[in-house]
Structures are given as C-alpha cells and as structure tokens.
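One structure below.
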Amino acid sequence: MNHQIGRKKLNVKGAHRKALLRNQVIHFIKFGILQSTRAQVKEVQKKAEKIVTIARKGYDFNTIRRVKQELPYDADAVVKLIKEIAPKYVDRAGGYTRVIPLGTRVSDTATIARLEWV
C-alpha cells in the first residue's frame, strides 16, 4: 500500500529528482509549455503551482527570496514568473496549469503529456 505518499520517485535519487524538477519548472516558466512523461509533468505541475502561489504576492524582497530558494539556477525565470506570469493569477484560487494527455511514446510506450498555463 502506498498511503500518504505525496510524490513520485521518478526512478532517480533525491538530489537528482530535485534538480530535474527545478530545471523542468524553469523551462516551463521560460517557454510556457512542457512536454514529458505524464509522471514528470504531474510532479512539475505540483511544484509550479506552489511557486506561482508564492509569487502572486508581488515583486518584493521576501517573494523574490522565497522563489529564488525554489529556483536558484535562473534569475531571469524568477523575474518573469513574478512580473509576468503570477499577476495573471492573483484573483484565481488555484489551478494555474493544465495537463493535456498526448498518448504513448512509440519507443518505450511511456505515457506522454503536455503541461501549459491556463
């Protein structure tokens, strides 16, 4: 039984998973779309939604600090998130992204999905 398991392991070690998810969230913020396996997309969706909820407060010191703590690799993505993306969702209670299933990959039959902003 997998009761109270809050995340997928994605078949990688903890540090690698953390870096992978951070990099995919940065890519999603920069380009507005992410296409990957369904499990990875769902994990990126969780992380992105939490970060947008933090960034909705506006462009101030504590917001920048908290978002940079989650995404330390790319300052441009942090600025774009706080100034362009998060203001669109100030009045929205949640659900900033959507997952669109795209079928299976031919090579290994992995389920592919696309993540995009609502």
| message | Which condition from (1) over 16 Å from the mean Cα position of the chain (by Cα); (2) buried (at least 16 other Cβ atoms within 10 Å of the Cβ) is the one that Ile26 breaks? | response | (1)
| field | Those residues of segment 99-118 which are among the polar types (S, T, N, Q), free of Cβ contacts under 8 Å to residues at least 60 places away in the same chain and in a strand (DSSP E or B), in sequence order | value | Thr104
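Tell me yes or no: at least one residue of segment 14-21 is surrounded by 11 or more Cβ atoms within 10 Å (Cβ to Cβ), within 10 Å of the chain's Cα centre (by Cα) and touching a residue at least 12 places away in the same chain (Cβ under 8 Å). It would help to see each step written out before you state the result.
From segment 14-21, those surrounded by 11 or more Cβ atoms within 10 Å (Cβ to Cβ) are 16-21; that's our starting set.
So of that shortlist, the ones also within 10 Å of the chain's Cα centre (by Cα) come out as 21.
Next, from what is left, pick out any that are touching a residue at least 12 places away in the same chain (Cβ under 8 Å): 21.
Yes, segment 14-21 contains a residue that is surrounded by 11 or more Cβ atoms within 10 Å (Cβ to Cβ), within 10 Å of the chain's Cα centre (by Cα) and touching a residue at least 12 places away in the same chain (Cβ under 8 Å).
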| Can Gly95 be described as out of contact with any Leu (no Cβ under 7 Å at 6 or more places or on another chain) and at pLDDT 95 or above? | yes
| field | Failed item in (1) surrounded by fewer than 18 Cβ atoms within 10 Å (Cβ to Cβ); (2) at pLDDT 95 or above, with Ile85 passing the rest | value | (1)
| Given the residues Lys68, Lys88, Lys80, Lys57, which is the only one that is within 16 Å of the chain's Cα centre (by Cα), of a type in the set (Lys, Arg) and over 21 Å from Arg17 (Cα atoms)? | Lys80
| note | For segment 61-81, the count of residues that are within 19 Å of Lys46 (Cβ to Cβ), surrounded by fewer than 14 Cβ atoms within 10 Å (Cβ to Cβ) and in contact (Cβ under 8 Å) with a residue 24 or more places away in the chain equals 2
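The values are calculated or read from the model by the stated rules, or taken from the named source; none is laboratory data. Since the model is a prediction, treat every value here as computed from it, not as a measurement. As a convention, Cβ positions derive from the backbone with ideal geometry for all residues, glycine included, and neighbour counts pool all protein chains shown.
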